[in-house]
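*Asks:* Structure in structure tokens, see below.
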Amino acid sequence: MKDFRFVNKQSLKEFKALPSHIQKRFANDLNAVCRSKQPFSKIKHLGDSVGVGAIELIENGRPAYRTIYVAKYRNTAYILHSFTKTTNGVDRKAMETAKKRYKTMQQELKK
């Protein structure tokens, strides 16, 4: 069984800023992932834009919510970024944030 961790304090703060029902839904998804099960929410693989193994949890609506995590490292799923999605297209700023944190996660794991 895996654990899930936030890659930094800011990623925890962002997750906690989501509405409580979204936090619960995404936490259930992450717990499923930690038990090697599929998340309940829709997902999108972000390997090309963020990094290998990066997955976006999707909760559509007005507004829409996202949490990006990586489940492939050791026994831990790392939460990189959580945000409220306000545009229909790709949120480039959010993807850049996730990509930077992915690199941070890799550096931490090398230590």
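The values are calculated or read from the model by the stated rules, or taken from the named source; none is laboratory data. Note that this is a predicted model, so its numbers are computed, not measured. Don't worry about glycine lacking a Cβ; one is built from the backbone with ideal geometry, like all the others, and counts go over all protein chains shown. Keep in mind that these areas ignore ligands, DNA and RNA; they rest on the heavy atoms of the full protein, side chains included. Shrake-Rupley method; radii C 1.70, N 1.55, O 1.52, S 1.80 Å.
*Asks:* List the residues of segment 46-78 whose backbone N lies under 18 Å from a point placed 7 Å from the Cα of GLN10 along the Cα-to-Cβ direction.
*Replies:* 50-51, 66-70, 78
*Asks:* Only Lys, Arg, Asp and Glu count, each charged at its Cβ (+1, +1, -1, -1), so figure out the dipole size of the chain about its Cα centre, rounded to 20 debye.
*Replies:* So the dipole magnitude of the chain works out to roughly 220 debye.
*Asks:* Still on this model: If each of ASP48 and THR76 carries a label point 7 Å out from its Cα toward its Cβ, how far apart are those two points in nm?
*Replies:* 3.0
*Asks:* Treating only the Cα positions of segment 9-69 as identical point scatterers, give the base-10 log of I(q)/I(0) from the Debye formula at each q in 0.16 Å⁻¹.
*Replies:* The calculated log intensity ratios at q = 0.16 Å⁻¹ are -0.51.
*Asks:* What nm distance separates the two modelled labels at CYS34 and ALA64, each placed 7 Å from Cα along Cα→Cβ?
*Replies:* The answer from the label model is 2.7 nm.
*Asks:* Excluding ligands, DNA and RNA, what is the solvent-accessible area per residue of the chain at a probe of 1.4 Å, expressed in Å²?
*Replies:* With all protein chains present, the chain gives 62 Å² per residue.
*Asks:* Another one. Could you tell me which of THR86, LEU109, ALA64 has its Cα farthest along the dipole of segment 35-111 towards the positive end, charges placed at Cβ (Lys, Arg +1; Asp, Glu -1), taken about the Cα centre?
*Replies:* Comparing the listed Cα positions along the dipole, LEU109 ranks first.
*Asks:* Net charge near VAL90: determine it from the other residues with C-beta under 13 Å of the C-beta of VAL90, scoring Lys and Arg +1 and Asp and Glu -1.
*Replies:* Charge balance in the 13 Å sphere: +2.
*Asks:* What does the charge add up to near ILE79, with Lys and Arg as +1, Asp and Glu as -1, over the other residues with Cβ less than 13 Å from its Cβ?
*Replies:* Net local charge, ILE79 excluded: +3.
*Asks:* With the cut-off at 19 Å, report for the chain the share of all Cα pairs above it, as a whole percent.
*Replies:* Across the chain, Cα pairs with separations above 19 Å total 38 percent.
*Asks:* Further question: With all protein chains present, how much of the accessible area of segment 7-84 (probe radius 1.4 Å) comes from carbon and sulfur, to the nearest whole percent?
*Replies:* Ligands and nucleic acids excluded, carbon and sulfur give 50 percent.
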